[in-house]
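In what follows, a structure is listed as structure tokens, so that the remarks can point back to it.
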Amino acid sequence: MSRLRDKVAVITGAGMGIGRAIAEIFGAEGAKIVVVDLDQNAGNQTTDEISQAGGTARFFPGDVSQQLDMEEMARFTTDAFGQIDILCANAGIFPEVSLEEMREADWDQVLDVNLKGVFLSVKACLPHLKRRPSPRILVTSSITGNRTGISGLTHYAASKAGINGFIRTAAMELAEYGITVNGVEPGNILTEGMEIQLGQDYIDAQAEAIPMGRMGDPKDIAHAMLFLASDEADYITGQTIVVDGGQILPESKFAL
Ligand code: NAD
């Protein structure tokens, strides 16, 4: 379990859900982890769990939508560990609101966290990534907006489609530094956020639409991220991997 030995990985939104699973698996593979999250308790819990499992982790409390926070996060990481090899821009929110009821503030909040947060965290880490031998930028995208649509999440879908455009274009610009930029598009993954923000009715309906017959586990996403972070993925850039239990495949309910 040492595929990321001697690497330093920053993971945003790692206090819970998918981000926590990525932090735990990267930590178990030998990377030193900086957990970035708005939620102090959740962030501390992730770092404690990594430490208890024998890994090394520090918590940075910060908001990915704030430029100063992200600049401070990069300083904190290099002060603590001297380098940044991997940035996993994972933090995201998915509050449901219909297009008719959506206010400008709703739109801005989702775009600021989900899309601007990717830009700001990449921008802050970039000078440090450029100095490393096999630097990686990983982004948690979504099938929503890229392969599928769902009512109540137009702002979210737009943010995730924007992420895929960002991935392709950043990959072009950063290839000269050997930095690869890739993402994972999760399907429906059972996380705290999913339970709190979308609720049980949503979860039950989604589970019925998945050919593999189950919701995803955060570890399903973390393992795809681990592959993209590993040396084996050195020649892959500008791509996303769909991890959804086959959810985007059926042409109709009948096909299921
Ligand atoms: P979650 O709500 O369980 O966890 C998200 C974490 O991000 C929380 O700890 C939260 O405190 C933190 N966070 C939120 N806003 C932040 C901010 N501004 N700055 C820093 N941290 C912040 O969510 P999740 O389900 O694990 O989702 C993680 C990512 O995966 C998101 O980008 C989401 O859009 C994406 N995703 C999730 C699913 C799913 O089914 N759960 C599907 C597709 C994509």
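The values are calculated or read from the model by the stated rules, or taken from the named source; none is laboratory data. Every value quoted in this text rests on a predicted model; they were computed, and no experiment measured them. Quick reminder, even Gly has a Cβ in these numbers, built from the backbone with ideal geometry, and neighbours come from all protein chains shown. Accessible surface areas use protein heavy atoms only, side chains included; no ligands, DNA or RNA. Shrake-Rupley method; radii C 1.70, N 1.55, O 1.52, S 1.80 Å.
Out of all the residues in the stretch 187-235, which are within 13 Å of the ligand (Cβ to nearest atom) and not in a helix (DSSP H, G or I)? Within the stretch 187-235, 187, 188, 189, 190, 191, 209, 210, 214, 215, 216, 217 meet the criteria. Sub-7 Å Cβ pairs linking a first residue in the stretch 1-22 that is on the phi > 0 side of the Ramachandran plot to a second residue that is open to solvent by less than 10 Å² (accessible area, probe 1.4 Å), at least 6 apart or interchain, are 13/19, ordered by first then second residue.
Only one of the numbered conditions (1) out of contact with any Asp or Glu (no Cβ under 9 Å at 6 or more places or on another chain); (2) touching a residue at least 40 places away in the same chain (Cβ under 8 Å); (3) over 19 Å from residue 230 (Cα atoms); (4) of a type in the set (A, V, I, L, M, F, W, C) is not met by residue 34, and that is (3). Select, from 198, 226, the only residue that is over 14 Å from the mean Cα position of the chain (by Cα) and open to solvent by less than 70 Å² (accessible area, probe 1.4 Å). Within the list 198, 226, the selection yields 198.
Hey, does the stretch 153-173 have a residue that's of a type in the set (A, V, I, L, M, F, W, C), in contact with a Ser or Thr (Cβ under 7 Å, 6 or more places away or on another chain) and farther than 15 Å from residue 94 by Cβ? Don't jump to the end; show me each part of the working.
Our first condition is that a residue be of a type in the set (A, V, I, L, M, F, W, C); within the stretch 153-173, this holds for 153, 157-158, 161, 163, 166-167, 170-172.
When the remaining residues are screened for being in contact with a Ser or Thr (Cβ under 7 Å, 6 or more places away or on another chain), the result is 153, 157, 163, 167, 171.
With the extra rule that they be farther than 15 Å from residue 94 by Cβ, the set shrinks to 167, 171.
Yes, there is a match, as at least one residue in the stretch 153-173 is of a type in the set (A, V, I, L, M, F, W, C), in contact with a Ser or Thr (Cβ under 7 Å, 6 or more places away or on another chain) and farther than 15 Å from residue 94 by Cβ.
Where helices (runs of 4 or more DSSP H) fall entirely within the stretch 1-107, those with at least 1 residues that are surrounded by fewer than 16 Cβ atoms within 10 Å (Cβ to Cβ) and not aliphatic (A, V, I, L, M) are at 40-52, 67-81.
Please specify each residue of the stretch 120-134 satisfying the condition of being under 18 Å from residue 35 (Cα atoms) and surrounded by 17 or more Cβ atoms within 10 Å (Cβ to Cβ). It would help to see each step written out before you state the result.
Initial filter on the stretch 120-134 (under 18 Å from residue 35 (Cα atoms)): 120-126, 128-129.
Result: 120, 121, 122, 124, 125, 126, 128, 129.
For the criterion of being touching a strand residue (DSSP E or B) at 6+ places or on another chain (Cβ under 9 Å) and surrounded by fewer than 22 Cβ atoms within 10 Å (Cβ to Cβ), residue 182 fails. Hey, any hits in the stretch 145-155 for a residue that's without any contact (Cβ under 8 Å) to a residue 24 or more places away in the chain and near the ligand (Cβ under 10 Å from one of its atoms)? Yes - at least one qualifying residue is present in the stretch 145-155.
Tell me whether the stretch 229-242 contains one or more residues that are of a type in the set (A, V, I, L, M), buried (at least 22 other Cβ atoms within 10 Å of the Cβ) and touching a residue at least 40 places away in the same chain (Cβ under 8 Å). Walk me through it before giving the result.
Filtering the stretch 229-242 for residues of a type in the set (A, V, I, L, M) gives 229, 233, 236, 241-242.
Still in the running and buried (at least 22 other Cβ atoms within 10 Å of the Cβ): 229.
After this cut, where a residue has to be touching a residue at least 40 places away in the same chain (Cβ under 8 Å) as well, the list is 229.
Within the stretch 229-242 (the criterion being of a type in the set (A, V, I, L, M), buried (at least 22 other Cβ atoms within 10 Å of the Cβ) and touching a residue at least 40 places away in the same chain (Cβ under 8 Å)), the answer is yes, since at least one residue qualifies.
Against the condition under 15 Å from the mean Cα position of the chain (by Cα), open to solvent by less than 40 Å² (accessible area, probe 1.4 Å) and closer than 19 Å to residue 210 by Cα, how does residue 189 come out, does it pass? Judged against the criteria, residue 189 is a match.
The single residue among 48, 85 that is more than 9 Å from the ligand (Cβ to nearest atom) and more than 20 Å from residue 230 (Cα to Cα) turns out to be 48.
Those residues that are closer than 22 Å to residue 220 by Cα and surrounded by fewer than 22 Cβ atoms within 10 Å (Cβ to Cβ), I need them from the stretch 151-166; list them, please. Scanning the stretch 151-166 gives 157, 161, 164.
Please work out if residue 175 is surrounded by 16 or more Cβ atoms within 10 Å (Cβ to Cβ) and either over 18 Å from the mean Cα position of the chain (by Cα) or on the phi > 0 side of the Ramachandran plot (or both).
Values: surrounded by 16 or more Cβ atoms within 10 Å (Cβ to Cβ): no; either over 18 Å from the mean Cα position of the chain (by Cα) or on the phi > 0 side of the Ramachandran plot (or both): yes.
When the stated conditions are applied, residue 175 does not pass them.
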